[in-house]
Amino acid sequence: MDYPKNLREFDRLFAHKDACLRFLETVRWGNHFQCQRCGGSEFWTLSTGLRRCQNCRFKNSVKTGTIFESSRLPLKMWFYAIWWISAQKTGVSALDLQKDVGLGSYRSAWLLLHKIRHAMTQADRLLLQGEVEFDEFFSGAQNKERLFVAVEFSGLKKIGRIRIEKCQTSGGSLEAFLNANVAKGSTLHTRKNPMELGKLGYKPGIVKPRSGQVLPRVHLVTEQLERWLKGTLHGRMEAKHMSSYLEEFVFRFNRRTAKSRGLLFQRVIENAVRIEPASYQKIVTRPS
Ligand SMILES: [Zn+2]
């Protein structure tokens with residue numbers, strides 16, 4: 001699939017007004033169109049860009065059931081915002097997005113940013129495995145947020161993929177986090193009780209300080225997270241959106257070695273057509 005590799009290619013690829021729609025159709029349906037109502041695969045393309053099912057006559061929109069559904073913002077603006085967010089090395093604030101993409105209000109920029117962050121989240125659901133460092137730490141406004149962090153080993157000293165989530169206050173949350181993020185049978189290097197980990201299906205690792213750090217990988221990642229939170233969000237950090245910030249950070253971190261920013265753009269679009277549309281209400285009340 002042809003995705004833009006730089007801004008010039010972005011402009012060229014999406015110059016025509018229908019190009020964004022075609023791009024979405026390719027990402028979502030490829031050669032396997034399915035009618036949203038009856039599952040039929042034969043269709044006529046209407047002049048409006050909709051696909052009319054030859055079986056049940058239903059008009060299918062490529063935007064239905066995606067984050068683009070019922071948005072008044074033109075697709076090209078969406079694409080440009082996604083491109084712009086993907087192209088930033090460190091992430092963006094709603095204020096930056098409003099100014100640089102030229103959006104009318106702070107509120108619409110904020111909403112757009114959160115919807116795109118939401119699309120970034122679903123990207124990587126494969127569990128961490130092998131050797132993994134795990135710890136808890138405090139971050140966010142006044143360091144009040146208790147977070148879980150897991151960091152996969154890659155070779156002797158390098159860092160593989162990471163996961164960071166807010167720690168829920170209810171009991172059993174350690175188990176929930178590990179179940180959702182780390183494959184059973186992995187070796188966990190942590191300060192937690194090895195007996196407890198054994199019961200959860202993990203092998204206890206050996207924790208020994210290296211250059212002063214008990215868990216050097218976790219330490220490196222949390223340092224970067226702190227810098228990112230302070231630098232990118234310009235102090236506009238809201239506790240209720242902590243999960244959303246973490247999702248963006250983890251998404252970027254896990255793709256830090258990706259060769260092309262354009263590939264990042266494509267991944268976000270792929271997620272955007274796969275996930276449920278998030279309404280404003282859902283975003284502001286989303287459980288963390
Ligand atoms: Zn149909």
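In the set Thr257, Thr222, which member is surrounded by fewer than 16 Cβ atoms within 10 Å (Cβ to Cβ) and either more than 15 Å from Glu136 (Cα to Cα) or in the same structural domain as Val151 (by TED's automatic domain parsing) (or both)? Steps first, answer last, please.
On the way: Thr222 fails: surrounded by fewer than 16 Cβ atoms within 10 Å (Cβ to Cβ).
Selected residue: Thr257, the only one of Thr257, Thr222 that is surrounded by fewer than 16 Cβ atoms within 10 Å (Cβ to Cβ) and either more than 15 Å from Glu136 (Cα to Cα) or in the same structural domain as Val151 (by TED's automatic domain parsing) (or both).
Go through segment 133-149 and count every residue that is at negative phi and without any contact (Cβ under 8 Å) to a residue 60 or more places away in the chain.
To start, the set of residues in segment 133-149 that are at negative phi comprises 133-139, 141, 144-149.
Of the ones still in play, those that are also without any contact (Cβ under 8 Å) to a residue 60 or more places away in the chain are 136, 138, 146, 148.
Going through segment 133-149 one residue at a time, the tally reaches 4.
Give just the number: which of (1) over 22 Å from Leu233 (Cβ atoms); (2) buried (at least 22 other Cβ atoms within 10 Å of the Cβ); (3) under 20 Å from the mean Cα position of the chain (by Cα); (4) charged (D, E, K, R) does Arg161 not satisfy?
Failed condition: (2).
Could you tell me which of the residues Ser70, Ser86, Ser108 is loosely packed, with under 15 Cβ neighbours inside 10 Å, more than 16 Å from the ligand (Cβ to nearest atom) and not assigned by TED's automatic domain parsing to the domain that holds Lys192? Even if it seems obvious, please write down each step before you answer.
Values: Ser86 fails: loosely packed, with under 15 Cβ neighbours inside 10 Å; Ser108 fails: loosely packed, with under 15 Cβ neighbours inside 10 Å.
None of the other options fit; the residue is Ser70.
Considering only segment 46-63, state which residues are β-branched (Val, Ile, Thr) and either within 13 Å of the ligand (Cβ to nearest atom) or surrounded by 14 or more Cβ atoms within 10 Å (Cβ to Cβ) (or both).
First, the residues of segment 46-63 that are β-branched (Val, Ile, Thr): 48, 62.
Residue satisfying the conditions is Val62 alone.
Between Asp100, Asp96, which is without any contact (Cβ under 8 Å) to a residue 12 or more places away in the chain, assigned to a helix (DSSP H, G or I) and within 27 Å of Leu13 (Cβ to Cβ)?
Details: Asp100 fails: without any contact (Cβ under 8 Å) to a residue 12 or more places away in the chain.
None of the other options fit; the residue is Asp96.
The values are calculated or read from the model by the stated rules, or taken from the named source; none is laboratory data. Just so it is clear, the model here is predicted, and its values are computed rather than measured. Neighbour counts run over all protein chains shown; Cβ positions are idealised from the backbone, glycine included.
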